[in-house]
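The values are calculated or read from the model by the stated rules, or taken from the named source; none is laboratory data. It should be emphasised that the depicted structure is a prediction, and the values quoted were computed from it without experimental measurement. Cβ placement follows ideal geometry from the backbone for every residue including glycine, while neighbour counts extend to all protein chains displayed. Ligands, DNA and RNA are stripped out before the accessible areas are found, and what is left, the full protein with its side chains, is counted by its heavy atoms. Shrake-Rupley method; radii C 1.70, N 1.55, O 1.52, S 1.80 Å.
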Amino acid sequence: MDRVSSSMRQVSNPLPKVLGRRAGGMEAERDGFERAQTVSINKAINAQEVAVKEKHARTCILGTHHEKGAQTFWSVVNRLPLSGNAVLCWKFCHVFHKLLRDGHSNVLKDSLRYKNELSDMSRMWGHLSEGYGQLCSIYLKLLRTKMEFHTKNPRFPGNLQMSDRQLDEAGENDVNNFFQLTVEMFDYLECELNLFQTVFSSLDMSRSVSVTAAGQCRLAPLIQVILDCSHLYDYTVKLLFKLHSCLPADTLQGHRDRFLEQFRKLKDLFYRSSNLQYFKRLIQIPQLPENPPNFLRASALSEHISPVVVIPAEASSPDSEPITDLVEMDTASQSLFDSKFDDIFGSSLGNDPFNFNSQNGMNKDDKDRLIEQLYGEIAALKEELENYKAESARGMMQLRGRTSELEAELAEQQHLKQQAQDESEFLRTELEELKKQREDTEKAQRSLTEIERRAQANEQRYSKLKEKYSELVQNHADLLRKNAEVTKQVTAARQAQGDVEREKKELEDSFQRVSEQAQRKVSRTEHGTWQDDWGSSHRGSGANLSPCWQSQEQAEVLDTLKRELAASRQELQVLQGTLESSTQARAEQSTRITGLEQERDSLSRAAERHGEEVAALHAELQQMRDRLGREQESSKMELEMLQVQLRDKESKEQALQQRVAEEQFALLQGTAQEAKRMVQDALSRLEDPAHMACTGSADCLLSRTLAASECVERLQDAHGKYVSDHTAIGSLLPCLALFAHLVSDTLLQGSATSHLAPMEPADRLLEACKQCGSEAVSYLSALQDPGKVKGADCSLLTTCLSRIGTIGQELRPRGLDVKQEELGDLVDKEMAATAAAIETAAARIEEMLSKARAGDTGVKLEVNERILGSCTGLMQAIRVLVLASKDLQREIVESGRGAASPKEFYAKNSRWTEGLISASKAVGWGATVMVDAADLVVQGKGTFEELMVCSREIAASTAQLVAASKVKADKDSANLCKLQQASRGVTQATASVVASTKAGKSQVEEKDSMDFSSMTLTQIKRQEMDSQVRVLELENQLQKERQKLGELRKKHYELAGVAEGWEDAAD
């Protein structure tokens, strides 16, 4: 035993050592794995603004499959400063997106605990509007949405690759699940598109950003987005076709609108991405069809082609792309430009006489000045080109920023709309449930009515059975009485029969006695007679004592006996008759008794039958009573239950109605608040200096005022309906929104109109607008107060609008007040005045030219001669144009007036005539202004820009005159050809004036040489900052002036529309 135990101890010792070595190997393997993952994650997620290397991301993905989860990934990421470095957070989002797509399925489960931290980080980065801040915020929102989507729909893998059968199984063949799944896919795709657009908005597309490290860092995550978007688009199309096959088209209108919006965005983004050099080498992006699918046609599903994203096998990592320095590109472009300049003007070598660098202080001749001037022009053009580029880049950035703001606002509005739709859907569901409950209540009431009807029928039947039972009981009682009477009669008959039998027996006994007495008497009589004979024979001779008396006595006895015998015989006959009658009566009585017994038997049987029927009816009646009692109890219980349910439903319905009323009033308050905010914003803009440059016409003000007055009337009607019935809020809310818009538009238009009006009407109009805005705000404030909503009145607002309309009528242009009979004379006068103005302008130009030749010399004389010569050519071209316009006008009048006079033709076509008058006035005014500008330029007091603007303005006026002249002209008219030729001459002359003005400007203006050789680094930096400030100020002024110019042109177009007959021209 000791040997065995020792051997067991010897064997048992090596096992822990083996297990220890194995455990130690696993620990070492685990440590090595964690170190490798830590190194790869830190290399993939770093603060360098370069794209994530594919090999590091692939190592992280393989690590999740190795450990079947993402514990190591999160343990490393939690130690990284993601909230302190935007680039680090951006690259983390990229790697985490890859893990969610291609990593192990448990990555999602291990990451759900960090969902709230991702949301907080997203909100934190959303406060930064520059750099990677907004990008990180939107990317984190996308990752959170992706996690929520896969949590709700676990059948979808991370890479979203599914077959059609798996897609059908994901919806469990339930249309409600497909509907909800489509909405979730829309939300998912919208987050993807937001990231797509934000990345593109943050890039400068005017440069080759896809070949820079920073651009590749921002573009690299879009590959994952493209892969997700292709699958989501395909599944959305298939689900929408499936929904259209099960639901009506009106129900899915919102789905179709949302799909069309996302289709356009996705198509544009795919197209823009496919043109980037960065994506061409890494991914093959599909192109969406030209038109979206038609979901209303079921056969269109067969035409749908699923977009397939192809990643080439030989695609290299994004980090391997060469990075081209933009400075080197600029240098290359500069050298290319210099080479082209040398090709045109020759090389500038050291021994070249045109080499300006070798001419150290030498006197410059004309060629030198010309070459220097050309260099100056080239530098100016370069500077202008750079300014244009910078301006366009800033404009694009501003537009992109504005687009981002609008998209964010649109997203917020869509979110609010979705919330409102969800709330309305919830209320609609509750309303449907209430309708169902009401239908159930109505069914229960109908069943209760049916039960009551059946109970009433049972009661009627019970009453009938009761009456029949009472009748049967009465009949039974009658039969019993009849039976008792018959029994009494039978008893009496039996007693009478017994009496008769006793009397018969007595009679028979008496008859027997009488018969016996008679026999005895007869025998005694015969015996007495024999004795008498014997005595007489014995005594006849012996004694003859009174023989006569004895014979007489015997005769009397014999007579008495005879009489008694006769009486007995009569009595016997009577008794026999009585006996016969008694026998007959007995027979009759027996017959009657037999009949009575039969009747009694029949009555007994009838009574038994009636008794059985009464018992059966009584049993049935009892059953009916029991059943009726049970039914009444059940009906009573059901009635109580239904009444309880009805009270509950009524209370719920009242609570829901109260809630709906509160929500409707809250909706009314919110709408009134927004409308109030719009009106207050319009009132605040009345005092805004930026609004002072806006102008408007009285006609537009009148149209806005009329629309606002009509809207106020509709609003008053809708308000009255709402006061009488609080459920009629559907007509009040749209009226409020339109009311706020129209009133705000009226206030702004009134303020813009007052800027062009005289002082007194302008003040009255502005005061009326302010009062109108105040009344609108008061009315909207009353709508927000529950105690004042019934007494809200907009009559004062109507009065203010009427005042604004009256002032607008006073401010309407009076050009249309000319009598139609005077239009013909006015046309001739204006055309003559225009011709005279042009002649006067030409004469003044000749006079100025002669003065310039007499008083100026050198470059100034050359510039003035060139400018005044081009102005003279422009005046001549305008003179030719005016003459051609007169000829064409005369031809139009002659061909169109018929038998009427020219004045009647002008009066008939008054709008066209007024257009001619306005155009001719503009031409004459433009000629006068241009001459004044030229005079100032020649004198050295004006600017060349003013002269260029005047020449362009007069060209525009002549174009207006041409357009007004050829509206009613025949297209084959020779005068029309002359007019068009003259118009082209005016255009050429205008170009000549502009060119000569620019050339004169470049000759006259002297440019200071930019010598920075003596400046220090600090001075150069200071000068650079001052130049940047000046550039920003000038750019701001330029932008404001351009906006002002655009508004002025717009208002001029609106004001000139009526006065110049453009509507008739369009007709």
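Determine, yes or no, whether L756 is more than 10 Å from V679 (Cβ to Cβ), open to solvent by 50 Å² or more (accessible area, probe 1.4 Å) and in contact with a Gly (Cβ under 8 Å, 6 or more places away or on another chain). Spelling it out, L756 is indeed more than 10 Å from V679 (Cβ to Cβ), open to solvent by 50 Å² or more (accessible area, probe 1.4 Å) and in contact with a Gly (Cβ under 8 Å, 6 or more places away or on another chain).
Among the residues making up region 561-603, those that are small (G, A, S) and surrounded by 15 or more Cβ atoms within 10 Å (Cβ to Cβ) are S568, S582, A585. Does any residue of region 141-154 turn out to be β-branched (V, I, T), in contact with a helix residue (DSSP H, G or I) (Cβ under 6 Å, 6 or more places away or on another chain) and not in a loop (DSSP other than H, G, I, E, B)? So far as region 141-154 goes, yes, one or more of its residues are β-branched (V, I, T), in contact with a helix residue (DSSP H, G or I) (Cβ under 6 Å, 6 or more places away or on another chain) and not in a loop (DSSP other than H, G, I, E, B). If the condition is being at pLDDT below 90, open to solvent by 60 Å² or more (accessible area, probe 1.4 Å), closer than 21 Å to C60 by Cβ and not acidic (D, E), then region 113-164 contributes R113, Q161. In region 776-792, what residues are open to solvent by 50 Å² or more (accessible area, probe 1.4 Å) and within 22 Å of D681 (Cα to Cα)? Matches in region 776-792: S778, D785. Within region 465-489, residues that are of a type outside the set (S, T, N, Q) have Cβ atoms under 8 Å from residues that are part of a helix (DSSP H, G or I) and open to solvent by 70 Å² or more (accessible area, probe 1.4 Å) in these pairs: Y469/H618; L472/E613; V486/E599; V486/R600, counting only partners at least 6 apart in sequence or on another chain. Applying the selection to region 33-58, what residues are small (G, A, S) and buried (at least 21 other Cβ atoms within 10 Å of the Cβ)? Within region 33-58, S40, A44, A51, A57 meet the criteria. Is one or more of the residues making up region 176-191 modelled with pLDDT of 90 or more, acidic (D, E) and crowded, with 18+ Cβ neighbours inside 10 Å? Within region 176-191, one or more residues are modelled with pLDDT of 90 or more, acidic (D, E) and crowded, with 18+ Cβ neighbours inside 10 Å.
Test L738 against the criterion of being open to solvent by 10 Å² or more (accessible area, probe 1.4 Å), out of contact with any Asp or Glu (no Cβ under 6 Å at 6 or more places or on another chain) and farther than 20 Å from G773 by Cα, and give yes or no. Lay out the reasoning, then the answer.
Working: open to solvent by 10 Å² or more (accessible area, probe 1.4 Å): yes; out of contact with any Asp or Glu (no Cβ under 6 Å at 6 or more places or on another chain): yes; farther than 20 Å from G773 by Cα: no.
Here the answer is no, as L738 does not meet what is asked.
For region 453-477, the tally of residues that are open to solvent by 100 Å² or more (accessible area, probe 1.4 Å) and within 55 Å of the chain's Cα centre (by Cα) stands at 3.
Would you confirm whether or not region 240-247 contains a residue that is basic (K, R) and in contact (Cβ under 8 Å) with a residue 24 or more places away in the chain?
Filtering region 240-247 down to residues basic (K, R) leaves 242.
Subsequent filtering for residues that are in contact (Cβ under 8 Å) with a residue 24 or more places away in the chain retains 242.
Scanning region 240-247, I find at least one residue that is basic (K, R) and in contact (Cβ under 8 Å) with a residue 24 or more places away in the chain, so the answer is yes.
Hey, among L1017, L1034, L979, which residue is within 30 Å of E391 (Cα to Cα), of a type in the set (A, V, I, L, M) and modelled with pLDDT of 75 or more?
On the way: L1017 fails: modelled with pLDDT of 75 or more; L979 fails: within 30 Å of E391 (Cα to Cα).
That would be L1034, the only listed residue that is within 30 Å of E391 (Cα to Cα), of a type in the set (A, V, I, L, M) and modelled with pLDDT of 75 or more.
Per the listing L738, L706, L766, L801, the residue uniquely in a helix (DSSP H, G or I) and in contact with a Lys or Arg (Cβ under 9 Å, 6 or more places away or on another chain) is L738.
Residue by residue through region 455-511, note down the ones that are in contact with a Leu (Cβ under 9 Å, 6 or more places away or on another chain) and among the acidic types (D, E). Within region 455-511, E459, E503, E508 meet the criteria. Are there any pairs, at least 6 apart or on different chains, whose C-beta atoms fall under 7 Å, with the first in region 141-161 and in contact (Cβ under 8 Å) with a residue 60 or more places away in the chain and the second of a type outside the set (A, V, I, L, M, F, W, C) and open to solvent by 40 Å² or more (accessible area, probe 1.4 Å), and if so, which? The qualifying pairs are N159/D102; L160/H231; Q161/H231. For A661, the stated conditions do not hold, so it cannot be described as open to solvent by less than 50 Å² (accessible area, probe 1.4 Å), in a helix (DSSP H, G or I), out of contact with any strand residue (DSSP E or B) (no Cβ under 9 Å at 6 or more places or on another chain) and under 30 Å from R513 (Cβ atoms). Within region 963-980, restricting attention to residues that are without any contact (Cβ under 8 Å) to a residue 24 or more places away in the chain and more than 56 Å from the chain's Cα centre (by Cα), the residue that is surrounded by the fewest Cβ atoms within 10 Å (Cβ to Cβ) is A974. Here S1009 passes the criteria (1) open to solvent by 100 Å² or more (accessible area, probe 1.4 Å); (2) at pLDDT 80 or above; (3) among the small types (G, A, S) except the one numbered (2).
Restricting attention to region 394-422, the residues being in contact with a helix residue (DSSP H, G or I) (Cβ under 8 Å, 6 or more places away or on another chain) and either among the basic types (K, R) or within 21 Å of A661 (Cβ to Cβ) (or both) number 3. Right, W90: within 25 Å of G133 (Cβ to Cβ) and touching a helix residue (DSSP H, G or I) at 6+ places or on another chain (Cβ under 6 Å) or not? For W90, the condition - within 25 Å of G133 (Cβ to Cβ) and touching a helix residue (DSSP H, G or I) at 6+ places or on another chain (Cβ under 6 Å) - is met. Criterion applied to L288, L243, L301 was being at pLDDT 85 or above, part of a helix (DSSP H, G or I) and surrounded by 13 or more Cβ atoms within 10 Å (Cβ to Cβ), and the one residue passing it is L243.
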